[in-house]
Amino acid sequence: MPTSLEDKVAVITGGSAGIGREVALNLAKAGMNIVLAARSLDKLQAVAEELRVSGVRVLIVPTDISRQEDRERLIATTVSEFGGIDVLVNNAGIEAFQAFHEIPPEQILATLETNMVGTVMLTRLAIPHMLTRPWARIINMSSTSALQAPPFGATYCATKAGMYQFSLALRLEYVGTSLSATAICPGFTQDGGIYETIKQEMGRGVPWLLRG
């Protein structure tokens with residue numbers, strides 16, 4: 001771990017709300033320059049203004065992480081602007097929250113493409129640029145559902161379990177280099193992100209006892 005994160009570069013997907021926004025705010029406070037990626041330009045611009053209060057450089061790149069051309073543009077734009085990548089936070093994710101046999105096939109594919117394929121393929125593009133840095137970290141935002149799967153989230157759980165094991169494999173594969181990988185497994189969140197969408201669609205939030 002470096003003594004300071006100041007002037008290092010973090011790419012954060014799903015950076016316009018929820019956990020992604022909170023991660024970005026904390027890394028900016030630590031002095032990191034931030035590249036924010038998400039689909040909503042308006043939300044990205046709003047978060048970018050919050051980050052710039054910390055005096056760091058902020059680059060916003062509207063990105064649909066499920067599209068290869070968007071993934072390539074995100075990495076190319078980051079390297080062109082900052083010369084490399086020190087931290088990659090794979091946080092973008094969507095959920096299909098209903099009985100598995102009722103989920104439209106296209107929604108299953110969209111969840112797989114965003115959560116799992118997007119993470120793997122973006123990481124593949126980023127690693128060559130990260131290995132040139134004296135210290136680099138891949139942070140994959142998995143979930144407690146990777147470890148204990150709840151009902152009505154089978155596709156989401158499968159992708160998060162995949163992210164967890166992907167992280168472990170990378171961690172072992174790059175031992176002895178400047179690069180390592182970590183999986184973080186949050187539970188429910190209270191504001192923004194996937195669970196806010198579920199609450200709006202279903203009219204039900206996180207159970208009180210579980211909090212967030």
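The values are calculated or read from the model by the stated rules, or taken from the named source; none is laboratory data. Note that this is a predicted model, so its numbers are computed, not measured. Neighbour counts are summed over all protein chains in view; Cβ atoms, including those assigned to glycine, are modelled from backbone coordinates with ideal geometry. Heads up: the accessible areas ignore ligands, DNA and RNA and are worked out on the full protein's heavy atoms, side chains in. Shrake-Rupley method; radii C 1.70, N 1.55, O 1.52, S 1.80 Å.
Specify which of the listed residues (R133, R137, R171) is part of a loop (DSSP other than H, G, I, E, B) and basic (K, R).
Values: R137 fails: part of a loop (DSSP other than H, G, I, E, B); R171 fails: part of a loop (DSSP other than H, G, I, E, B).
Answer to the selection: R133.
When you scan the range 152-172, do you find a residue that is within 17 Å of T78 (Cβ to Cβ), surrounded by 17 or more Cβ atoms within 10 Å (Cβ to Cβ) and at pLDDT 95 or above, even just one? Even if it seems obvious, please write down each step before you answer.
Taking the range 152-172 as the starting set, the residues that turn out to be within 17 Å of T78 (Cβ to Cβ) are none.
No: zero hits.
In the range 142-155, how many residues are in contact with a helix residue (DSSP H, G or I) (Cβ under 6 Å, 6 or more places away or on another chain) and not in a loop (DSSP other than H, G, I, E, B)?
Total satisfying the criteria: 4.
Any idea which of I108, I103 is of a type in the set (V, I, T) and open to solvent by less than 30 Å² (accessible area, probe 1.4 Å)? Break it down into steps so the answer makes sense when it comes.
Values: I108 fails: open to solvent by less than 30 Å² (accessible area, probe 1.4 Å).
Being of a type in the set (V, I, T) and open to solvent by less than 30 Å² (accessible area, probe 1.4 Å) holds for just one of I108, I103, which is I103.
I'd like to check something: does the range 200-210 contain any residue that is modelled with pLDDT of 95 or more, part of a loop (DSSP other than H, G, I, E, B) and at negative phi?
Of all residues in the range 200-210, those modelled with pLDDT of 95 or more come to none.
The answer is no; no qualifying residue exists.
Could you list all residues from the range 138-169 that are more than 16 Å from the chain's Cα centre (by Cα) and aliphatic (A, V, I, L, M)?
Matches in the range 138-169: L147, A149, A154, A158, L168, A169.
Looking at T182, T189, T197, which is the one that is open to solvent by less than 70 Å² (accessible area, probe 1.4 Å), at pLDDT below 95 and under 15 Å from the mean Cα position of the chain (by Cα)?
On the way: T182 fails: at pLDDT below 95; T197 fails: under 15 Å from the mean Cα position of the chain (by Cα).
Every option except T189 fails the conditions.
Can you tell me which residue within the range 42-75, out of those that are under 16 Å from the mean Cα position of the chain (by Cα) and without any contact (Cβ under 8 Å) to a residue 24 or more places away in the chain, is nearest to N26 (Cα to Cα)?
Among them, the one singled out is D70.
Looking at V23, V11, V79, which one is open to solvent by 20 Å² or more (accessible area, probe 1.4 Å) and within 13 Å of the chain's Cα centre (by Cα)? Write out each step before concluding.
Values: V11 fails: open to solvent by 20 Å² or more (accessible area, probe 1.4 Å); V79 fails: within 13 Å of the chain's Cα centre (by Cα).
V23 is the lone residue from the list that is open to solvent by 20 Å² or more (accessible area, probe 1.4 Å) and within 13 Å of the chain's Cα centre (by Cα).
Is it true that R124 is at pLDDT 95 or above, in contact with a strand residue (DSSP E or B) (Cβ under 7 Å, 6 or more places away or on another chain) and open to solvent by 50 Å² or more (accessible area, probe 1.4 Å)?
Details: at pLDDT 95 or above: yes; in contact with a strand residue (DSSP E or B) (Cβ under 7 Å, 6 or more places away or on another chain): no; open to solvent by 50 Å² or more (accessible area, probe 1.4 Å): yes.
So R124 does not fit the description; no.
Report, by residue number, each residue of the range 127-141 that is open to solvent by less than 60 Å² (accessible area, probe 1.4 Å) and either of a type in the set (V, I, T) or modelled with pLDDT under 95 (or both).
Across the range 127-141, the qualifying residues are I127, I138, I139.
Test of understanding: among A17, A99, A10, which residue is modelled with pLDDT under 95, touching an Asp or Glu at 6+ places or on another chain (Cβ under 9 Å) and of a type in the set (A, V, I, L, M)? Before the answer, list the steps.
Details: A99 fails: touching an Asp or Glu at 6+ places or on another chain (Cβ under 9 Å); A10 fails: modelled with pLDDT under 95.
Criteria check complete, one pass: A17.
Among the residues that make up the range 33-45, is at least one of them open to solvent by less than 30 Å² (accessible area, probe 1.4 Å) and of a type in the set (K, R)?
First, the residues of the range 33-45 that are open to solvent by less than 30 Å² (accessible area, probe 1.4 Å): 33-38, 44.
Subset that is of a type in the set (K, R): none.
Checked the range 33-45: no residue is open to solvent by less than 30 Å² (accessible area, probe 1.4 Å) and of a type in the set (K, R).
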